[in-house]
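Every number here is computed from the coordinates shown, using simple stated rules; none is lab data. Note that the structure is predicted; figures quoted are calculated from it, not measured. Note that we place each Cβ from the backbone using ideal geometry, even for glycine, and neighbour counts take in every protein chain shown.
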Amino acid sequence: MLREKTSNTLRLISTACCLIIVMQEAHVIAATSKEEIAVPSKTTEHIPPCSSDIYCHGELLHTIQMASIYQDSKTFVDMKMKQAAPETLALFRKMMHETHESPTREDVERFVTENFEPAGSEFEDFVPMDWRKEPKFLRKIHDVELRKFASDLNDIWKLLGRKMKEDVRINEHLYSIIYVPNPVIVPGGRFREFYYWDSYWIIKGLLLSEMYTTVRGMLTNFVSIVDKIGFIPNGGRIYYTMRSQPPMLLPMVKVYLDATNDYSWLKENLWLLEKEFDFWMTNRTVEVEKDGRNYTLARYCENSNGPRPESYSEDYMTSQSFRTNEEKDNYYMELKTAAESGWDFSSRWFITNGTNKGNLTNLKTRYIIPVDLNAIIYRNAVLLAEFNELMGNITKAAEYRRIAEAWKLAVDAVLWHEEVGAWLDYDILNAIKRDYFYPSNVLPLWTNCFDVTKREHYVARVLKYLEKYQIMLNLGGIPATLEHSGEQWDYPNAWPPLQYFVIMSLDNSGDAWAQRLAFELSERWVRSNFKAFNVTHCMYEKYDATVSGGGGTGGEYEVQLGFGWSNGLVMDLIDKYGDRLTADNRFELDSVVNEKVDEQTLSAAGSVSTAGQMMTGFLAIIISIAAGFIGMVMYKRRHYYVPGPSTTPNNNRKVGSFVDDVYRKHIAYTELKDMSND
């Protein structure tokens, strides 16, 4: 009897906690003329990622996705219906009836082939009208090989341009894609539509290519979507319309205005830029108590129910390790929240007993206050103040400055840690700092989200922090984390946005040694990309930090080619340092001999020694070769069971008893790690 009462009490507590989370953010459906799109707002009810019972939820989606007729779950939800949803559903029910509710894989494949057009059928052939073969920035690049590399990247924009067919505008209800009036440049690979934060680096590259009309059109697309649904979704599909991505729209507008002085566009659309900012303020903020004072800060948080439509079977299968529907729903929300962060997936979002250990079942992204998001929010408030002042809105400008100042104080109070020398994510579930290395930990230097009157002090502490974590140890870039989880936003993967954030943070510091380090990081990244491109004639979505020129691994899908943000970042760095960057890594003795360094100043600044980093890098190469030899001799391939799911693809996985354990292949570096722990 006592056990039963205790159980009931625990259930009541669990339900109450769930309701608190639900009440923090809820959702209403905003109808449009073509398709109802769900907009996050405040109710107490969870709803699907979108209202479509073809692309976002329902029996048809479940049946098709669980049949795994495509290697990538995203393929089906990107296909156009041949007839309207009611007719499609009627044909589906007919097929289910004829197969006694148990269709074979062949039955499902036949149904899809007969009733849907191939993925990508919404686009027509398109070459951007404003593309030019020899943009002016190429002339500034001294190194002949890098000039050719930058020219080749400029050519790739022609391959990544997408223009929607007129039929999408007329029959938007037959598609999962969100109609936008202007052509776009997409990331590439499986990512056929626009993506939010990717577009910042794409636009940086397009501006160097002098494709101003294309950029203006992309920005107009974004604000038209804000007008339509209240914010910018993760990507250009209706199944993304309950989650966003890092809010980079205002920085995109800033770089566009700096390049074009197109203030007529700003005057027309400033209210929509404010509307998107208000979405984050209203739907993605929480109160955090620190030292007896409450601060408002931002987090990622997506509360729709069900698996991600574009990764439906993967999410459904991994959710089977949970016993209750409530636990499964919370897991789905955490997956989608992590996707909103752009870091999908990473141990950065794992919480297990206050640590970052675990696997996907330990995702707790909604309970983490991220450094980078809050530094960007601060920057957005500053930009809105600047834009309103340009438009003569002095009162509004003052209000946004007030918001920015309050945000800066909150970031300093909650996220800055003097003893560490960096900003750190904050765990609101356990009320503790998350003292783990991420490149994002220095991003406030880029956005000036700190007391700039103490710039020298902050820069010195950050340089010491970077030296401690030996960021120059890896030859292929700075890894996303130092955790070997198998997830794609963990070691050893190096991602273009994270290189940009560190490089620009250091360059913006005003410190000569930090700026020298920014150049060295840029040089290493450009050379790695150049090396890979020379071999494959492709740009990767992500790279291997441990090997110069190596593509990234891990995660839910194979490494993607294209690739929008990779092209844009390399073009930006080559333009910035084109007078001194070289394609090869020849050792320039004269520059080292002639360089005079005041050791006391260097120590006081906490800077990273270039010579020391070179020696460290040399030792790392020797160690890597030795470790690789040991691995080749001692490594034996073995498969075994480990608790919890992985997103590493396994095409031979069978549906069965998935609750207790998940079959996973461990790769060579894990074997070596295991041996070192034996």
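The order of 237, 284, going from fewest to most other C-beta atoms within 10 Å of their C-beta, is 284, 237. Taking 7 Å steps out from each Cα toward its Cβ at residue 62 and residue 406 produces label points 4.4 nm apart. All other residues whose Cβ lies under 15 angstrom from that of residue 87 are scored, Lys and Arg at +1 and Asp and Glu at -1, for a net of +1. Among the chymotrypsin sites (Phe, Trp or Tyr not before Pro) found in region 201-233, not one is both in a DSSP coil and sparsely packed, with 11 or fewer other Cβ atoms within 10 Å of its Cβ. In terms of other Cβ atoms within 10 Å, 317, 248, 391 run from fewest to most in the order 391, 317, 248.
Is the shape of region 331-436 rounded, prolate or oblate, going by the alpha carbon gyration tensor and its root eigenvalues a ≥ b ≥ c, with a/c under 1.5 for rounded and a/b larger than b/c for prolate? Prolate shape, in that a/c is at least 1.5 and a/b is the bigger ratio.
For region 422-521, the average shadow cast by the Cα convex hull is 6.8 nm², which is a quarter of the hull's surface. On the beta carbon distance between residue 534 and residue 399, with R0 = 60 Å, the FRET formula returns roughly 0.70. Take each peptide in 326-337, 138-149, count the other Cβ atoms within 10 Å of every residue, and average; sorted highest first, the result is 326-337, 138-149.
Gain on full extension, evaluated as 0.36 nm per residue between residue 431 and residue 320 minus their Cα-Cα distance, stands at 37.0 nm. In this structure the amide hydrogen of residue 352, modeled in the peptide plane, comes within under 5 Å of the amide hydrogens of 357, none closer than 5 places in sequence on its chain. Over all other residues within a Cβ to Cβ distance under 12 Å of residue 225, the charged ones net out to 0, with Lys and Arg as +1 and Asp and Glu as -1.
Among 252-264, 175-187, the peptide with the highest mean count of other Cβ atoms within 10 Å heads the list, and the full ranking is 175-187, 252-264.
Exceedance of the 28 Å cut-off in Cα-Cα distance is limited, within the set 82/228; 165/204; 228/364; 364/396; 336/576; 148/267, to 228/364; 364/396; 336/576; 148/267.
Grab the beta carbon distance between residue 268 and residue 142, set R0 = 60 Å, and tell me the FRET efficiency rounded to 0.05. Step by step, r from the Cβ atoms, then E = 0.90. Charged neighbours of residue 398, selected by a Cβ distance under 15 Å, balance to -2 (K, R count +1; D, E count -1).
Placing +1 on the Cβ of every Lys and Arg and -1 on the Cβ of every Asp and Glu, with nothing else charged, gives region 335-404 a dipole about its Cα centre of roughly 280 debye. Taking GluC sites (Glu not before Pro) across region 60-112, the ones in a DSSP loop with at most 11 further Cβ atoms lying within 10 angstrom of their Cβ are 101. Out of the GluC sites (Glu not before Pro) in region 385-481, which ones are loop residues according to DSSP with at most 11 other C-beta atoms within 10 Å? Sparse-neighbourhood loop GluC sites (Glu not before Pro): 418, 419.
Which aspartates and glutamates, if any, have their Cα less than 18 Å from the Cα of residue 433, not counting same-chain residues under 8 positions apart? Output for residue 433: 287, 289, 291, 372, 412, 418, 419, 425, 483.
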